[in-house]
Amino acid sequence: MSIGHALLGLLENGPRHGYDLKRAYDERFGHDRPLHYGQVYSTLSRLLRNGLVQVDGTEAGGGPERKRYAITEAGVTDIDGWLGTPEKPEPYLQNTLYAKVVLALMSGRSAQGVLDSQRAEHLRMMRALTRRKADGDLTDQLVCDHALFHLEADLRWLELTAARLDELRVVST
């Protein structure tokens, strides 16, 4: 995800300090990977330099002055363009799991073992996401559904590959 675009989108609701932006980002998007403060401020600096945000004011606090950032018209135009541009679908034609199966077959190792351990890991992750989804709000449920659907597709591939191992063994040797 583009952190800059996420911050611009958060600023559309009104001016915020870097600390507030980090907190809002982490609440909505950073459950698994919260932003570091340095990442927030370096991104804000770049957005400021590119004219997509402006300093809307400063406030004295317990430490250094806190800058409040606001999105500019150019920032609104930029986020409109980003939101209107579809993401490139990832076809996963050369992923690591595929390579492990092929290399296991080529070397005489157990490709079934590779598939079984991966299936167990996928199921473990799916259980964790299902628990998170049950306890989460609607936005957390949506992100968990997205991940679960991808994991389900992976499981279908694992099952199909397991069913074809004999054929693949002949092709790979």
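The values are calculated or read from the model by the stated rules, or taken from the named source; none is laboratory data. What you see is a predicted model; the values in this text were computed from it and never measured. Backbone-built Cβ (ideal geometry, glycine too); neighbour counts: all protein chains shown. Accessible surface is based on the protein model in full, side chains and every heavy atom, while ligands, DNA and RNA are left aside. Shrake-Rupley method; radii C 1.70, N 1.55, O 1.52, S 1.80 Å.
With all distinct Cα pairs included, what does the Kirkwood hydrodynamic radius of the chain come out to in Å, to one decimal, could you say? Each step should come with its number before you reach the end.
Values: mean 1/r = 0.0510 Å⁻¹.
Over the chain, the inverse of the mean reciprocal pair distance is 19.6 Å.
Setting aside same-chain residues fewer than 8 positions from Lys133, which lysines have a Cα under 29 Å from its Cα? Hits, sequence-local ones excluded: Lys22, Lys88. For the chain, the fraction of 1.4 Å probe accessible surface lying on carbon and sulfur atoms is 55 percent.
With both labels modelled 7 Å from their Cα along Cα-to-Cβ, the Leu151 to Arg46 distance reads 3.1 nm. What would the Debye formula give as log10 I(q)/I(0) at q = 0.13, 0.14, 0.16 Å⁻¹ for the alpha-carbon point model of the range 93-155, no solvent? Summing over Cα pairs of the range 93-155 leads to -0.45, -0.50, -0.60.
Maximal additional length on extending the Glu65-Asp32 stretch stands at 8.9 nm, based on 0.36 nm per residue less the C-alpha distance. Its DSSP H runs of at least 4 residues, each contributing -39,500 (n - 2.57), put the calculated 222 nm mean residue ellipticity of the chain at -22000 deg cm²/dmol, to the nearest 500.
Extension gain for Gln141-Gln54 works out to 27.9 nm (0.36 nm per residue, less the C-alpha to C-alpha distance).
Sum up the charges of everything whose Cβ sits under 13 Å from the Cβ of Ala104, counting Lys and Arg as +1 and Asp and Glu as -1, but leave Ala104 out. Here the charged neighbours net out to +2.
Computed over protein heavy atoms with a 1.4 Å probe, the accessible surface of the chain works out to 66 Å² per residue.
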